[in-house]
Amino acid sequence: MIELFKHILHLDFEWLFSNYNTAVYFILFLVIFIETGLVIMPFLPGDSLLFTAGLFARLGYLNLGYLLILLFIAAVLGDNVNYWIGRKIGLKMFHIKFRGKNLVKQEYLDKTHAFFEKHGPKTIIMARFVPIVRTFAPFVAGVAEMNYRKFLSFDVLGGII
């Protein structure tokens, strides 16, 4: 482990990628999946990680084709996990009572549902390009019970873009 940090601190990328090439792809997949898939992890460095991975692909350390496919799958899978967390768990959380009142008023849930019925496709696509929002949009779409087929199609389209 000390050897690994020594090479990272000395920016010895040749050694890093020759010894940990597969692990780098796995870590990139994991970070993008977790950032988009777990509503409590919006602070992970998704954008900067994508730019850095692209730089390393340009320098020949990573395969750009593998990266595009792998990170597309990670982002779409993450969004879908986040959608279903919102759909199955999020709604139940909002119906929890605190001092005899719902945590969130039903009126707000109804407004959110109406918003996603009208603007859901645009929201899902544009959220891909806004840090933090990209983590919460699929969760809120699930809570708002956005039609899953519509969500999935625009999620995939946003991932491709």
* Structure fact -> Output for region 102-161: trypsin sites (Lys or Arg not before Pro) sitting in coil per DSSP, at most 16 other Cβ within 10 Å, listed by number, reads 105
* **In range of the label at residue 108: residues from region 37-56 whose backbone nitrogen is under 19 Å from the point 7 Å along Cα→Cβ** => 39-40
* Output the DSSP H helices from the chain with an along-axis C-alpha extent of no less than 20 Å and a mean Kyte-Doolittle hydropathy no less than 0.0. => 13-37, 64-85
* Structure fact -> Highest GNM mean-square fluctuation among 102, 63, 80, for the chain with Cα springs under 10 Å, belongs to 102
* Asked: Which FRET efficiency, nearest 0.05, do residue 51 and residue 73 yield, Cβ-Cβ r, R0 22 Å?
  -> 0.70
* Asked: Farthest toward the dipole's positive end in the chain, which of 53, 4, 143, given Cβ charges of +1 (Lys, Arg) and -1 (Asp, Glu) about the Cα centre?
  -> 143
* **Kirkwood-type radius of region 2-160, with distances r between different C-alpha atoms, in Å** => 17.1 Å
* **Base-10 log of normalised Debye intensity for region 101-161 (one unit scatterer per alpha-carbon) at q = 0.14, 0.24 Å⁻¹** => -0.38, -0.94
* To do: For a label point 7 Å from the Cα of residue 63 along Cα→C-beta, name the residues of region 3-36 whose backbone N is under 14 Å from it.
  => 21-26
* Quote the relative contact order of region 2-160 in percent (integer), defining contacts as alpha-carbon pairs under 8 Å separated by 6+ residues. => 26 percent
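Read-outs: derived from the displayed coordinates by stated rules, not from any lab. The model shown is predicted, which means the values in this text are computed figures rather than measured ones. So basically every Cβ, Gly included, is an ideal-geometry build from the backbone, and we count neighbours across all protein chains shown.
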